[in-house]
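Data block below; observations after.
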Amino acid sequence: MKPNLRQYSESPFNRQQQDTVFAVGPLPILEETRTRLHARLRDRQITFNDLAPEVERDPALCLQLQRLAVEQNPDCLEQISGAANCLSLLGMQELVRLVKQLPVITTDTLDEGEQAYRTALQNAVLAGRLAALWTQQKGNISPHYALWATMLAAAPLWPWLLSVPPARNWLYYLSLGLEPWQALQAIWGKDLKPWQRLVTHMHLPPLAREVWNPRKHPTPQQWQALRRCDPRDLPAQTGRPLIHLGQQPVMTTLLCCHLAWHLHIHPRSQRSTRWLTLISHWLGKPESMVTNQLRETLLDVSQQQGSAFATGLHQLLHTTAHDHPAAGIKYPWVETRPAPAVATPVAATPDMSTPDMSTPAASAIPATSDPRPAPPLPSSAAVPAQASAAAPVARSARHNLAALQQRMQQDARSFGDWHSLVSSLLHGIRLGLSVPFAALWLPNRDKTCLRLIYQEGIPEQQPIVGLQLPLDKTSLFSKLMERNAGISLHPGNRQQLLRGIPPVLAQQLPDHAMLMSISAGAKPIGIVMAGTLDSNQLAISASDYPHFKSLCHYASQGLACLREQSLEQQKSARHKT
């Protein structure tokens, strides 16, 4: 029976229903995603960076890439900040397989579960775009990582909306004016354990996991203070803690996901207006400026997604500021049998005109007033057993490797020039992956072969120093120079991969090696090789290859950034003269 008052149930879904959600296979992607990617993948010159923006228009595909990348490379969780990272770890063939095999949700579906699921995906894109926009102004984390983590923050709710009809009453409570976390408690109760299981099962990014931990959220007093005024206008004693709070990355995801769902329900409601005011205080910007940025993003995302429903733009265009606050989308109540536990009514019905800001959270984000501490979150990076037993030196090397990746991705200009970046790349590969040597081959003037230009770990007397890699049409190296790609060479595949290379040259190549082309823009400029120098050295571990590819991918991004900087300097010098 449809409730007259909002009620909180301690156990609305039994364990069997929860296990049903866990048993749901890969979530379907949007139909337009498959059509769009089919067209883009016909281009043989396309790169991971070209595909990443297309992939990030579908959070369900992003979630599947994230899960597969972490399952295959558990210690890469904290380094993944977008679709390009996942693609570099998994390879182009894995994306092709997913696009072909994953189920799809059509644009004209009549199934209410699929409609709710589709709306949740498109709303997640809006939240991610807002997070990227405002993080760029805050400067506390990478805008790309903010977009990625914010899009996936509400992923545990998606299988519920898709496969369990009573779970869609969460949308009903949202349309009544509840905050998302209140609506979540009204349906699922206050126990966070099932959600923590889903968060772990989905391998969400660390920032998205923090969203599901109420201990990471501001206190009720902090929310209220931030809503009333800009913390920069407060005395230092009270304002400084709020400013520091606003710099926490989790605040970006909380604010953007929360606002995105209120915009979907009613973009001119008092709830939407209050959250917009809160965000303007958080950013330290005039509310009019934040409103203009928001509306530009709404229009951009709606055009990109081909729908103005999930973003609330259709209501913004058909309502005015003088419309009744109760206007907006009204989701129906899904009839269901009474919950097995006795529901306890809320002490007082919240005032719709004055939102309760006690512990607001992201879309579909639970919170609890239970004084008992929430269960601890699982480790943000599941480290394999053999890694946990590694020596401290190895752990330090991995840490330095992650720092190098982050520097090449976010602050490539700090290297000064590409010579320094390449030297750091080879040094990082050799020490971080514990391989005997790392080297970079660049084309000669006639572009007929590749010569070793940069190297680390190769003695001068080694024959590989003078090795020239031919760029014949049938050569493996020519294939690598066509677009950014990599291979792992070992005795099991040498004969197949090196069949277009003269036998004398093939014998001089390492028994075990990893190769990947790097670029400073559209086309590769050289090939990075790392491997063994003789048969007495230990073979390269299969787990090192994804790290090698990821490092080369970030190096290409860094080289492109340095190339752009060089062009800007040349242009500036010409203007001065």
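Show me the helices (runs of 4 or more DSSP H) found entirely inside segment 209-287 where at least 1 residues are touching a Cys at 6+ places or on another chain (Cβ under 8 Å). Before the answer, list the steps.
Values: elements: 220-228, 236-246, 249-265, 270-283.
It comes to 270-283.
Just so you know, in segment 506-526 the residues that are over 20 Å from Y454 (Cα atoms) and of a type in the set (A, V, I, L, M, F, W, C) include one that is surrounded by the most Cβ atoms within 10 Å (Cβ to Cβ), and it is A506.
Residue under question is L184, and the condition is that it be farther than 22 Å from G82 by Cβ and buried (at least 21 other Cβ atoms within 10 Å of the Cβ); does it hold? Answer is yes for this residue.
Residues are listed down the side, and each one gets a yes or a no for (1) open to solvent by 10 Å² or more (accessible area, probe 1.4 Å); (2) among the charged types (D, E, K, R); (3) over 24 Å from I46 (Cα atoms):
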site	(1), (2), (3)
H427	yes, no, yes
P443	yes, no, no
P459	yes, no, yes
L467	no, no, yes
F477	no, no, no
G486	yes, no, no
Q496	yes, no, yes
P503	yes, no, yes
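Against the test of being assigned to a helix (DSSP H, G or I), within 25 Å of G457 (Cα to Cα) and within 29 Å of the chain's Cα centre (by Cα), the options S550, S517 yield a single qualifying residue, S550.
Here segment 127-180 is the region considered, the condition is being of a type in the set (V, I, T) and open to solvent by 10 Å² or more (accessible area, probe 1.4 Å), and the residue that is nearest to A52 (Cα to Cα) is I141.
Can you tell me which residue is least open to solvent (accessible area, probe 1.4 Å) among those in segment 233-283 that are among the β-branched types (V, I, T) and more than 24 Å from the chain's Cα centre (by Cα)? So that I can check it myself, show each step before the final result.
Taking segment 233-283 first, the residues among the β-branched types (V, I, T) are 238, 243, 250, 252-253, 265, 273, 277, 279.
After this cut, where a residue has to be more than 24 Å from the chain's Cα centre (by Cα) as well, the list is 238, 243, 265, 273, 277.
Values: T238: 76, I243: 58, I265: 17, T273: 65, T277: 32 Å².
Step by step, filter segment 233-283, then rank; the result is I265.
Residues are listed down the side, and each one gets a yes or a no for (1) closer than 13 Å to A485 by Cα; (2) among the charged types (D, E, K, R); (3) open to solvent by less than 50 Å² (accessible area, probe 1.4 Å):
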| residue | (1), (2), (3) |
| --- | --- |
| M529 | yes, no, yes |
| A539 | no, no, no |
| D544 | no, yes, yes |
| F548 | yes, no, yes |
| L567 | no, no, no |
| R574 | no, yes, no |
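Here P286 clears all of (1) surrounded by fewer than 16 Cβ atoms within 10 Å (Cβ to Cβ); (2) under 20 Å from P143 (Cβ atoms) except the condition numbered (2). Every condition in (1) modelled with pLDDT of 95 or more; (2) of a type outside the set (F, W, Y); (3) assigned to a loop (DSSP other than H, G, I, E, B) is met by A131 except one, and the failing one is (3). The listed residues are S519, S475, and the only one of them that is at pLDDT 85 or above and within 18 Å of W441 (Cα to Cα) turns out to be S519.
Note on segment 183-201: residues that are farther than 20 Å from Y117 by Cα and not acidic (D, E) total 7.
Does L559 meet the test of being open to solvent by less than 70 Å² (accessible area, probe 1.4 Å), under 30 Å from P74 (Cβ atoms), out of contact with any strand residue (DSSP E or B) (no Cβ under 6 Å at 6 or more places or on another chain) and among the aliphatic types (A, V, I, L, M)?
Details: open to solvent by less than 70 Å² (accessible area, probe 1.4 Å): yes; under 30 Å from P74 (Cβ atoms): yes; out of contact with any strand residue (DSSP E or B) (no Cβ under 6 Å at 6 or more places or on another chain): yes; among the aliphatic types (A, V, I, L, M): yes.
Considered against the rule, which asks whether it is open to solvent by less than 70 Å² (accessible area, probe 1.4 Å), under 30 Å from P74 (Cβ atoms), out of contact with any strand residue (DSSP E or B) (no Cβ under 6 Å at 6 or more places or on another chain) and among the aliphatic types (A, V, I, L, M), L559 comes out as yes.
Among the candidates R563, R574, R483, the residue that is among the basic types (K, R) and farther than 27 Å from D50 by Cβ is uniquely R574.
The values are calculated or read from the model by the stated rules, or taken from the named source; none is laboratory data. This structure is a prediction, so every number in the text was calculated from the model and none was measured. Cβ: placed from backbone, ideal geometry, glycine included. Neighbour counts: every protein chain shown. Quick note on the areas: whole protein, heavy atoms, side chains included, nothing else; ligands and nucleic acids left out. Shrake-Rupley method; radii C 1.70, N 1.55, O 1.52, S 1.80 Å.
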